[in-house]
Amino acid sequence: MPDNNRIIPPCEPLKAAQSDLRVVNQVVQKMDSTLDKLQDIASDLGKVAALQEHKNNIQDKINDALEKSIKDHNQEIKENLRELDREFEKKTDSLKTAIDQVSAERREGYTNLSGKVEATEDRILKEIENLKDSMSKRMYEMDMWRYGVMGAIVLGSFLITKFIDVAKLFR
């Protein structure tokens, strides 16, 4: 019977197999570590994508609000222009009536009223010039106000966009 207590020296093929087994074990451990890191990266990428989607939704809401604001301002400006047109028509009708009145008086007694007619014509021309200047000034002010509002909205949009870009840099 063989002696079981006797230690058998390891042979070379067994040592090589053990060495290979250690190398394979180290590779497997590194692969496990790499997989864990990849899972962490995938999770982080999912969070970043969700955050970006949220930011995009917020920006879309801001853009929609700005578009609505611009449309509202444009509508308000159009209504103001319509009101100015109505006022202009009223003034024009009033001036036409005054001119017709002056013409009737002229026909009735041109010789007696020539001085009055000239004074009335001067007054009417001044009124027309003043009205024209006033309307031109109002139109200019309305245009400047409208462009100012549009510029402020564009500047606000630009600043919000840049703020979001800067916020991205700090994250």
Less than 11 Å Cβ to Cβ from Glu83, Lys/Arg counted +1 and Asp/Glu -1: what total charge do the surrounding residues give?
0
At 0.692 mPa s and 37 °C, Stokes diffusion of the chain via Kirkwood alpha-carbon radius, µm² per second
127 µm²/s
Within the set Lys47/Lys168; Lys68/Lys132; Lys55/Lys78; Lys137/Lys162; Lys68/Lys90, which residue pairs have Cα atoms separated by over 25 Å?
Lys68/Lys132; Lys55/Lys78; Lys137/Lys162; Lys68/Lys90
Which angle from 0 to 90°, rounded to the nearest 10, does the C-alpha axis of helix 12-169 make with the longest principal axis of the chain?
0 degrees
Summing Lys, Arg as +1 and Asp, Glu as -1, what charge do residues with Cβ under 11 Å from the Cβ of Asn130 carry, Asn130 excluded?
+2
In units of 2.2 N^0.38 Å, what is the alpha-carbon radius of gyration of the range 28-98?
2.74
From DSSP H assignment alone, runs of 4+ in the chain each adding -39500 (n - 2.57), the sum over residues rounded to the nearest 500 puts [θ] at 222 nm at -36000 deg cm²/dmol
For the range 58-116, projected area of the alpha-carbon convex hull averaged over all directions, nm²:
4.9 nm²
Pop the C-beta distance of Gln52 and Leu21 into the FRET formula with R0 = 45 Å and round what comes out to the nearest 0.05.
0.45
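Each reported figure results from applying straightforward, stated rules to the coordinates on display, with no laboratory input. Everything numeric here is computed off the predicted structure, so don't read it as measured data. Note that each Cβ is placed from the backbone with ideal geometry, even for glycine, and that neighbours are counted across all protein chains shown.
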